[in-house]
Amino acid sequence: MYWRCNGRDDVSRVRDLSMKGLFLDTEEPRAMGATIRLDFLVQEGQIRADAAVQHAKSGAGLGLKFMAMTPEDCTHLAALLTRLRQVGSIPQRPVIKELTVSQNTWATQAPFASREV
C-alpha cells in the first residue's frame, strides 16, 4: 500500500484490514492522531482513504482508523473484504443484529449476544 504522511511517501504491507481501518507494517513512527493518506489498487478497483493513527507499535506498525472515503472507494473495499473472506485470507465475522445488556455487563454468546430483530 502506498501512503503519505506529513509530506513523506512510503510503501508498506497491510497486516489487518476491515471496513473501519487497518494495521500497516512500518518502522516509521507517526504521532497519535496524525492524518495519513492511503492509496492502493486491487482487482476490485482503486481504494483511497484518509485515516488517522489510533495506535502505534514501535518497530512494528500503525493502527489506522478510516476517517474519509468516497462511496465508490467504500464499495471497492467491501468487495475486497468479501473476496478475501471467500479465499480464507481473513476470518468470517458474525453480523451483529442486536446487542443486549444484562446486569451492567454485555451478555455473550458466540461471540456476542445477538438476536434477529
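The values are calculated or read from the model by the stated rules, or taken from the named source; none is laboratory data. Model, not experiment: these values are computed from the prediction. Glycine gets a Cβ as well: all are built from the backbone with ideal geometry, and neighbour counts include every protein chain shown.
Structure notes:
- Any hit, the stretch 10-29, residues being polar (S, T, N, Q) and out of contact with any strand residue (DSSP E or B) (no Cβ under 7 Å at 6 or more places or on another chain): yes
- Taken over the stretch 26-72, residues that are farther than 14 Å from W3 by Cα and polar (S, T, N, Q) amount to 4.
- Identity of the residue in the stretch 17-58, in contact with a Gly (Cβ under 6 Å, 6 or more places away or on another chain) and either of a type in the set (S, T, N, Q) or loosely packed, with under 15 Cβ neighbours inside 10 Å (or both), that ends up modelled with the lowest pLDDT: E27
- Residue list for the stretch 1-40, filter: of a type in the set (G, A, S) and within 17 Å of the chain's Cα centre (by Cα): S12, S18, G21, G33, A34
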